[in-house]
Each structure stands twice: as C-alpha cells, then as structure tokens.
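Here, each number is a calculation from the coordinates, and none is a lab measurement. Everything numeric here is computed off the predicted structure, so don't read it as measured data. Glycine also receives a Cβ, built like all others from the backbone with ideal geometry; neighbour counts cover every protein chain displayed.
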Amino acid sequence: MAEWNGSVCGAVNATSCWNKTLTCALDSPSPRILSILQVLVLSLYFVFGLGLNGFLVFVVLWYEELRRREFALVLQVIAADLISVIFVFPVIVITRLTGLWSLLGPTWCSLLGFVQVFLISFRYTSMFLLAFDRLNVVFFPFAYPSHSNKIMISLTAVVWVLSLLLAIIPLGIQCYGFQVSIGICTMTITCSSACRFYRYISDSVVYTSGALLPFIFYSLMFLKSRQMNNRITAIGSDSLVDESNKRARRTFLLLFVSLIGCTVPLITSLFLMPLLNSQIYLIYSGISATLVYTFVLLDPLVILKHQDVRRCTLKLLRTLKMRFRGMLPAADVHSNPSVSLETD
C-alpha cells in the first residue's frame, strides 16, 4: 500500500479522485491488527446480519397481519441493511485480507462508493419517514389514516429520489475514492474543492432530514403523549390510548436511536482529526467505521421486539417445529402458516 506523502498529494494533477488515491493514498493504512479485527467483526456482522434481516423479511411478508403501513416502511430499512450486508461487507473483508485495494479500479470504486453513499443517505432519510408517520398518527389520529397511504407513497418516492441524487452527483464531479484507513470506497473531501463543498451540502441535507427533524418530531410526540397520559389519569380511562400505535412509535424511536448511536463515533472522528496524532486517529476512525455497521444487527433485533412481530415469529417457529416432527403435512404449513401449538 502507498504511504502518506503530503508533498506528493499537494503536487498531484490527476483527472479523478481515484488517480489521486493511487498516487498518495489520501490517508495512511491502518495498523494490521485493526484490519484483522475489522475482518472478524464484519464477518460476524455478515453472517448474523444476513440471517436476522433475511428471516425478518420472510416473517413480515409471510403473515398478512403484518402487511400494514408501518411494516412496509420498516421493510425499506431492512432492505437497506441487507444491501449493506451483501454488497459492502464482502468487499471490505476481501480488500483487508488481500491488501490489494488498488485492483478495484476506478469503475468498481465509483460503483461501491455510490452504493455506500446511497445506503447511508437512504438509511437516514428513512428515519424522517418513520418519524413523520408517527407524528401524524399522534397529532391527527382521525384525519391522517384516510390519507396516510397516499402521503407515505409520495414521501417514499421523494426519499428514494433524494438518496439517489445524493449518490449520483459525486459520480459527475468525480468524488469517489478509496480510503485506506477504513478500507472502503466512498465520497471524500480531498479530491477537489467541489467535492468538499458538495460533501458539506449533502451532509447537511442528510443529517437535517434524518437526524434533526426526527429528533424534533419525537420530542413533540413525547410532549403530546404526556398531555394524553394526564388526561387519561384525570378521567380514569385508557380508551384514548392506542396500544398498536404506541408499539409502532416505540419501535421507530428505537430504530432512530440505533442509527444515531452507531454513526455518532464516525461523525465525531471528523472533528477529532486535528486534535489527535496520526496513529491514534487511524485506530479511532477504523474502529468507528467498523462499529457504524452495528445497526444491521440492532435494526432486526429492535423490530423483532415489536409484540406483533414477536408473536408471528413464535407462531412460525412453532409451525416449523411441528413440521419437522412430522406432526403437520408440508401442504398445511404452506396453506395455513398461522397454525400454532397453542390450545384453548
């Protein structure tokens, strides 16, 4: 791998960010032990992330009672996690094991950078969808349900288009390069002043829509819930409380906390860069860049905690247990997935 050489980097006259990366590596390679740990962690994330997210998609699609608006929104988050597991993790592991990151070439690097930026943009902006949906349920419980599907379909289309644009524009201004310290192709700010400016703009859009606005929405919902709880206590009735909506709101909030908790260390590494020496910064940024993918495990665990999903999951497992014990014909499993061992 190329070593850091600031004077060479400053003198580079390259036509793309990839060429600059090949010339001066943009950053120093991380310590070998950190690369090994990253391979081990991402390998575990790959196995368990693929199993948990794949199983969750099957459960939601299999049971008709889960085919509701909130779970349709959740499936988009799980789909983004699956794409990360399938397309991003193997590349990082292979480049870490072989050290031959330069063999990716500019085309593959740009493609992987596009996938990486699209996924993180989509993952954040999806939090806006989830929070906005719950906000309307809380504040407009009677008017919103009749228009919710149209509103969510329109906003989902906006989120997809916005995420795609945020990932496509760096292709046009050639901002994707390989960052050796974290072992991934992504958008960098060292390619040109245009890339630096665009990175600030795109980060502002992503974090405002996916972090700041959801935080405001959940804060408003918290205040509204307290008012409702006070009213319920005063009249001595819980008829105003919709348990289903409360469970959905709790699940969406936990998904939001999961994303923020996983990405905060990586975001803070950008501000710590001038404060830490090179080796400590490389270790910190490498660890934070690895832990950011923990949400591919936390997301399905949070959703499986939802009472309706948990009930359907147990029902499916019981049905499969009966099938493998020979108590239930295969045709019955397919035609009646809701069969369970529960008796009156």
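In this structure, the amide hydrogen of Gln174, modeled 1.01 Å from its nitrogen in the peptide plane, lies closer than 5 angstrom to no residue at least 5 positions away or on a different chain. Along the range 75-86 the Karplus relation, 6.51 cos²θ - 1.76 cosθ + 1.60 evaluated at θ = phi - 60°, assigns HN-Hα couplings of 4, 5, 5, 5, 5, 5, 4, 5, 5, 4, 4, 7 Hz to successive residues, with x for each Gly and Pro. Legend: residue pairs Lys150/Lys315; Lys150/Lys246; Lys224/Lys315, Cα-Cα distance threshold 24 Å; pairs beyond threshold, Lys150/Lys315; Lys224/Lys315. A simple spin-label model places the labels of Val205 and Thr294 3.0 nm from each other, with each point 7 Å out along Cα-to-Cβ.
According to the square roots a ≥ b ≥ c of the eigenvalues of the Cα gyration tensor, what is the shape class of the range 44-196, taking rounded for a/c under 1.5, prolate for a/b larger than b/c otherwise, and oblate for the remainder? It would help to have the intermediate numbers written out before the result.
Details: a/c = 3.40, a/b = 1.64, b/c = 2.08.
Verdict is oblate for the range 44-196.
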